[in-house]
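What follows is a short report on a single structure.
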Amino acid sequence: MRAVKAFMVNIQVLITSDQTRRILNRIGLILLFVYVLLNPYPHMGQNINGKVTAITDGDTFKLLTKDSTQLKIRVANIDCPERKQPFSKRAKQFTSNAIFNKYVNLHILKKDRYGRSIALIRYNDSLDLSEQLIKNGLAWHYRQYSKDSVLQSLEDKARQSKIGLWQEPTVIPPWEWRKNKRK
């Protein structure tokens, strides 16, 4: 306790000088800048609970957190069919039935270039939304961004069993659909 009091007295003596105060302010600003630079998205890496308020498509939705912050969420490791692509409406309906107006738990991995939070989604206490969409033939395992062997295995099984979009004679992955649409 004496050491703490001595330290505080020394700090008070140091802070009395204007020059020292300016230096400490600059150090504080530099530390704040470094923190913001290294942590541009405060939710990254966190587990967050919230209520799903809107479904944009099969792999994107809006979430309202307990502190009333609204986040736009992109389901990690998968890609659902785009609008006007076969099975797009079914993927959106599946996601809606699974999580709309319900509380979910998400683990935010990062932010994408559109400002959406890329996250792993758990609902109904234990179900993984990425796994369920792939298992039901409503999404591709997004191998460009994921090396998850469980998701790849689920996609392979859905393909072999011709579940969901794999019933179609020709399926175009969403990333190719988007690329062709831009041309």
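Tabulated data
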{"read-out": "All helices (runs of 4 or more DSSP H) inside region 69-183 with 1 or more residues being in contact (Cβ under 8 Å) with a residue 24 or more places away in the chain and of a type in the set (Gly, Ala, Ser)", "value": "88-99, 129-135, 149-161"}
{"read-out": "Breaking point among (1) at pLDDT below 90; (2) within 19 Å of the chain's Cα centre (by Cα); (3) assigned to a helix (DSSP H, G or I), for PRO42", "value": "(3)"}
{"read-out": "Residues within region 95-113 that are surrounded by fewer than 19 Cβ atoms within 10 Å (Cβ to Cβ) and either in contact with a strand residue (DSSP E or B) (Cβ under 8 Å, 6 or more places away or on another chain) or basic (Lys, Arg) (or both), tallied", "value": "12"}
{"read-out": "Single residue of TYR114, TYR145, TYR123 found to be under 29 Å from SER161 (Cβ atoms), modelled with pLDDT under 95 and within 16 Å of the chain's Cα centre (by Cα)", "value": "TYR145"}
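The values are calculated or read from the model by the stated rules, or taken from the named source; none is laboratory data. On a predicted model such as this, the values are computed, not experimentally measured, just so you know. No Cβ is skipped: glycine too gets one built from the backbone with ideal geometry, and neighbour counts run over all protein chains shown.
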